[in-house]
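This report refers to the structure that appears directly beneath it.
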Amino acid sequence: MNTGYTREAIFEDLRRRIEAGYLKNGEKLPAEEELMRIYGAGRSTVRNALQDLVEKKLVKRVRGRGSFVISQKLDPLTMLFPDTWSWQCKRRRIVEAGSTLSQNLNIPSDTPVLLFEIQWREKEEPICNEKFYVNPLIIPEILKMLHGEIDIHPLSHLSRRIEIAFVRENYAVTNAPRSLAGHSKSKKNPLNLSALEKTSIYLNNVFKAIAVSHSIYKPGQNVSTLRRI
């Protein structure tokens, strides 16, 4: 459970979830007491955050019933990556799923999947390397992104064609790749050569895995910040 969230942090977390479609139009938000427990915040902090959502026309409060989402679904990237980050697809190719990915997607290990190798930057500085895998048997249209220019992230492409209802996330520590470790502010400290790795498994509304993302972040990236993305 996250603790000590401020009014601004609660607002931002709920905003991202609403705009990404994880909290759907017309859905009732948890009661104030439940939000207080989730965010480790006081009642006034939660109420102020909800009022901020009302003023942004993302939530409607109904006396005696609660708070309801009134916003439409936006790009899920708004929840998963900060607005200040930009991305570039460095490479895309067909690969075999392999043992780990086959377990995540629940497919045979020799199944061909489409891999997008993406680098995220903040102010031109590399901040995250992402490998995004999609099973083309589920959405054959994704193969169109194998050739030609890519002006949309594959997750955005998927979300326009299929409902992404859930995201299962796992965190681990791994060795930082040279492309990220070379930009560490404290190169002399060997601990900074360890990087946080996040695995995100995207599921549809019947809990079927449709894509997997492996992201490695620049050494020193704050874990609590990533958990709010």
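Below is a table of values for the structure above.
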item	result
Which listed pairs, of 24/90; 57/123; 56/131; 123/218; 56/198; 57/208, have C-alpha distances above 25 Å, in listed order	24/90; 57/123; 56/131; 56/198; 57/208
Of (1) 54, 47, 31; (2) 51, 34, 30; (3) 98, 47, 33, the label for Cα extents along the principal axes in Å derived from the coordinates	(1)
Relative contact order (%) - criterion: Cα under 8 Å, at least six apart; region: the range 7-69	43 percent
Theoretical ellipticity at 222 nm over the chain - DSSP helices of four or more residues, -39500 (n - 2.57) apiece, nearest 500	-7000 deg cm²/dmol
Table column - 3J(HN,Hα) (Hz), the range 117-122, Karplus curve with 6.51, -1.76, 1.60, x for Gly and Pro	9, 10, 10, 9, 10, 10
Mean separation of Cα contacts under 8 Å (6+ apart) over length of the chain, as relative contact order %	16 percent
Dimensions (Å) - the range 5-48, Cα atoms, principal axes, largest first	26, 18, 15
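Every number in this text was worked out from the coordinates using simple rules, so none of it is lab data. Everything numeric here is computed off the predicted structure, so don't read it as measured data.
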